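The values are calculated or read from the model by the stated rules, or taken from the named source; none is laboratory data. Here the structure is a predicted model, which means the values were calculated and not measured. Glycine also receives a Cβ, built like all others from the backbone with ideal geometry; neighbour counts cover every protein chain displayed.
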Amino acid sequence: MKIEAIKEKLHQYLDRAGEDKVMAIYTLVSSDIEQGTVYDEDTLQMLMQRREDVLSGKAKTYSLKESKERISQFRKKNGV
């Protein structure tokens, strides 16, 4: 069974499961939930690619000072 099908089955189950079952499942995964966001493989790959682009100089980045200047200019231009 593919992961997408498993996730869908779990969603359907949780929608109709009783409080005891939901709490039991939550107990199993609560430590993962509390640790923060869990990214899927596609998102992780995209983030790693962006990181590589920044480190290699391929992506344009701005310093904090440059960012503040750009925001200030935008606000002045747009009356914000």
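Observations
- If you check Val29, Val22, Val54 for being modelled with pLDDT under 90, hydrophobic (A, V, I, L, M, F, W, C) and assigned to a helix (DSSP H, G or I), only one passes: Val29.
- Matching option when the condition is loosely packed, with under 10 Cβ neighbours inside 10 Å, of a type in the set (Gly, Ala, Ser) and out of contact with any helix residue (DSSP H, G or I) (no Cβ under 8 Å at 6 or more places or on another chain), among Ala24, Ala5: Ala5
- Of all residues in the range 53-63, one or more are out of contact with any Gly (no Cβ under 8 Å at 6 or more places or on another chain) and closer than 30 Å to Glu4 by Cβ.
- Members of the range 41-76 that are surrounded by 10 or more Cβ atoms within 10 Å (Cβ to Cβ), within 30 Å of Leu10 (Cα to Cα) and either touching a residue at least 40 places away in the same chain (Cβ under 8 Å) or not β-branched (Val, Ile, Thr) (or both): Leu44, Gln45, Met46, Leu47, Met48
- Check on Gln35, under 23 Å from Ile3 (Cβ atoms) and at pLDDT below 90: yes
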